[in-house]
Amino acid sequence: MTLLQVEHVTKRYRGGVLANDDICLDVAAGEVFGLLGPNGAGKTTLVSQVLGLLLPDEGTIRIGDVDAIADPAAARRMCSFQPQAAAPVDGLSAREAIELIGAIRGGRKATVRTRASELLDALDLADVADRAVPMSGGMARLTGFCMAAVVPGRVVVLDEPTNDVDPLRRRALWQEIRKVADDGAAVLLVTHNVLEAERCVDRLAIIGGGRVLAQGPPASLKAQLGAPLRLDCALDDPTNVPRLPAAITLSSVTGRRLLAHVQHHDVAAAVAWAQSAQDEGTIVEFSLTAASLEDVYARWVEAEASAA
Amino acid sequence: MNSVRSYVLLLRWQYLRYRPLLPLLAGIQVALGVGVIFGFSFLVPHLTSTVVLYFATGAPTLSLILMGLTALPQEVAQNRSTGKFTYVAALPVPRLAPMFADVTFWMLIQLPGAVVTLLLANLRFGLHLNISGLVVPAVILVALTASAVGYAIAVALPPNATSQVSSFVSIALLLFSPINFPLDRLPVWLQDVHRALPVTYMSDIMRGGLTGRYDVSRWLAFAVVAAWCALGLTVSGRAARHRG
Ligand SMILES: Nc1ncnc2c1ncn2[C@@H]1O[C@H](COP(=O)(O)OP(=O)(O)OP(=O)(O)O)[C@@H](O)[C@H]1O
Ligand SMILES: [Mg+2]
């Protein structure tokens with residue numbers, strides 16, 4: 001069931017920046033939908049319109065049965081939100097902040113209390129949850145996530161929830177995000193953490209210059225790339241780029257790093273070439289791995305940047 | 001019902017946020033309340049009962065108006081810079097509930113200071129207090145009217161302009177305002193200006209509620225302030241509902 005439907009949304013800020021240009025996407029119940037794109041691509045602008053904080057110039061936004069543009073109050077009842085800016089927790093302990101937002105979102109006291117403890121435990125914050133001292137950046141960010149997840153809306157909007165968070169807690173955070181979706185919410189997730197997002201999102205859109213550049217499940221976007229494997233080489237001398245055989249397609253050279261694409265049936269040839277180049281000393285080391293979402297991302301964003 | 005719940009919870013948020021500062025904030029208000037009375041006896045050497053009346057009842061009125069016109073918009077501007085404003089705007093609460101919560105909080109903070117001023121004026125200068133129930137709507141109307149204006153300024157202007165503009169408005173409005181002295185001290189044309197502005201009536205309903213002495217009909221005074229309050233709330237409600 002589609003819970004969030006964005007159609008042809010276009011937003012130009014006063015001052016002229018075209019931040020969203022004909023954006024279409026939809027998120028179903030139980031789905032984590034990733035919104036990826038470089039800084040200034042228009043991701044926050046899009047989620048602000050979903051939450052009724054900004055008015056689109058064109059297009060429609062539906063949340064469940066509600067026209068979010070005509071009835072922003074209803075949209076806000078149905079959405080919970082973690083902002084890109086740190087959540088406003090100054091003066092409050094994490095638990096107080098989470099329970100307060102749970103109550104404001106209409107949760108029952110006992111339910112909110114239990115759910116807050118659950119989230120604090122899951123994210124390993126239980127020890128610091130009751131101190132009303134200034135929180136560290138990562139803890140404030142995690143508290144912001146808990147505030148969005150304590151009484152989740154049918155649509156849960158998370159604007160860069162993993163920023164500032166340490167690797168272990170980030171792992172727990174991805175699990176909690178997944179759980180929020182498994183419990184039936186539609187999760188719209190903005191992130192720059194492409195590699196970790198790949199494992200959590202069901203579908204994603206890559207946004208650049210305000211437009212949707214590509215959209216779909218990670219696997220099919222990678223398939224569209226047409227190169228299932230990535231050869232990653234460290235060059236000995238960045239000015240001396242070796243000639244590649246036909247089996248290997250050059251993708252980019254940045255400094256000492258050479259990236260290339262390889263098809264499955266060319267694996268043997270590619271490895272043989274790389275091995276000999278390493279023996280000759282033109283490359284220091286190499287690895288051959290499955291192409292990742294990062295390759296997809298780089299391809300679309302670089303293409304958009306060179307077109308602009 | 002949901003609106004009331006939102007309001008109470010936002011008020012609780014404000015309380016939690018300022019919890020460590022409460023003694024300081026209330027202490028400052030009490031010190032100001034004492035300062036007003038004693039500083040005043042240096043300022044004006046020949047105290048008549050009229051002077052005492054206007055000064056002692058004018059002080060709480062003035063501080064309520066200043067709270068609404070300067071302290072509140074400054075907090076809103078700060079919230080806009082830190083992102084709290086946007087955060088609260090994305091919550092399912094009535095658009096003006098955060099403003100009502102803030103006004104209530106700062107009004108309560110001022111209470112001890114106002115009590116001290118009036119008590120001291122009574123003890124030291126024999127101010128005759130005759131407090132009626134009407135003081136409650138008077139305090140609320142005065143605080144809300146000033147706050148509605150301050151809030152509209154803070155929401156409509158960029159945060160870094162708010163403090164300048166709200167100071168300007170409060171100075172322009174208050175410098176020649178008959179809060180601490182009777183209206184007839186002013187030149188005739190300025191009296192006419194003030195018959196249209198709410199400030200005179202604000203100090204009148206406060207003074208009336210505290211001492212029973214009104215300069216004009218109490219109903220006229222309440223009606224004028226209520227009208228300005230409704231206007232202010234309409235404007236700030238509009239500002240709060242505006243989507244960029
Ligand atoms: N209030 C505003 N007024 C004018 N322009 C704005 C405003 N907010 C954002 N922009 C511009 O709109 C564009 C998109 O901004 P947005 O914040 O949506 O990007 P983003 O994709 O969220 O970027 P990031 O990954 O850095 O958070 C940028 O060029 C930005 O400068
Ligand atoms: Mg952003």
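The values are calculated or read from the model by the stated rules, or taken from the named source; none is laboratory data. These numbers come from a predicted model, not from an experiment. Ideal geometry is used to build each Cβ from the backbone, glycine not excepted, and the neighbour counts take in all protein chains shown. The accessibility values were calculated without ligands, DNA or RNA, using every heavy atom of the protein model including side chains. Shrake-Rupley method; radii C 1.70, N 1.55, O 1.52, S 1.80 Å.
Quick look at the numbers
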| item | result |
| --- | --- |
| Per residue Cα convex hull volume in Å³ - calculated over the stretch A:228-290 | 66 |
| Interchain or long-range residues, amide H under 5 Å from A:VAL157's placed H | A:SER80, A:PHE81, A:GLN82, A:LEU188 |
| Karplus (6.51, -1.76, 1.60) ³J(HN,Hα), θ = phi - 60°, over the stretch A:236-247, in Hz, Gly and Pro reported as x | 6, 10, x, 7, 10, 8, x, 6, 9, x, 4, 5 |
| Local electrostatic count, B:LEU21, Cβ distance below 14 Å [Lys/Arg +1, Asp/Glu -1] | 0 |
| Mean residue ellipticity (222 nm) of the protein assembly as shown, computed from DSSP H runs ≥ 4 via -39,500 (n - 2.57), nearest 500 | -17500 deg cm²/dmol |
| Relative contact order (percent, whole number), the stretch A:228-290, Cα cutoff 8 Å, 6+ residue spacing | 48 |
| Helix axis angle, A:109-122 relative to chain A longest principal axis, alpha carbon, degrees | 20 |
| Tensor-based shape of the stretch B:179-244 (alpha-carbon gyration tensor, a/c under 1.5 rounded, otherwise prolate or oblate) | prolate |
| Principal-axis tilt of helix A:137-149 within chain A, Cα atoms, nearest 10 degrees | 60 |
| Solvent-accessible area per residue for the protein assembly as shown (1.4 angstrom probe, square angstrom) | 45 |
| Using θ = phi - 60° and Karplus 6.51 cos²θ - 1.76 cosθ + 1.60, couplings along the stretch A:47-61 (whole Hz; Gly, Pro as x) | 5, 5, 6, 4, 7, x, 8, 10, 9, x, 6, 9, x, 10, 10 |
| Between helix A:167-182 and chain A: long-axis angle, C-alpha atoms, 0 to 90°, nearest 10 | 60 |
| Heavy-atom accessible surface of the protein assembly as shown: percent carbon and sulfur, 1.4 Å | 59 |
| Cα-based shape type of chain A, given that a ≥ b ≥ c are square roots of the gyration tensor eigenvalues and the cut on a/c is 1.5 | prolate |
| Dipole in debye (nearest 20) - the protein assembly as shown, about Cα centre, beta carbon charges: Lys, Arg +1; Asp, Glu -1 | 2240 |
| Relative contact order %, the stretch A:1-122, counting alpha carbon pairs below 8 Å whose residues are six or more apart | 21 |
| Exercise: per-residue mean of other protein chain Cβ atoms within 10 Å, A:104-115 | 2 |
| Positive-pole candidate from B:VAL199, B:VAL34, B:VAL149, dipole of the stretch B:2-241, charges at beta carbon | B:VAL149 |
| Under Karplus coefficients 6.51, -1.76 and 1.60, residue-wise ³J(HN,Hα) of the stretch B:218-225 in Hz, glycine/proline x | 4, 6, 4, 4, 4, 5, 5, 5 |
| Spin-label pair A:ASP22/A:ARG108, simplified geometry with 7 Å Cα→Cβ offset, distance in nm | 4.9 |
| Buried accessible area, chains B and A (both chains, 1.4 Å probe, Å² to nearest 100) | 2200 |
| Shielded by partner chains, the stretch B:5-40 residues - at least 10 Å² of accessible area, 1.4 Å probe, vs chain alone | B:ARG5, B:LEU9, B:ARG12, B:TRP13, B:LEU16, B:ARG17, B:ARG19 |
| Dipole of the stretch B:2-241 [Lys/Arg +1, Asp/Glu -1 at C-beta], most positive-end residue of B:THR70, B:LEU233, B:LEU119 | B:LEU233 |
| Shape call, the protein assembly as shown: gyration tensor on alpha carbons, a/c limit 1.5 | prolate |
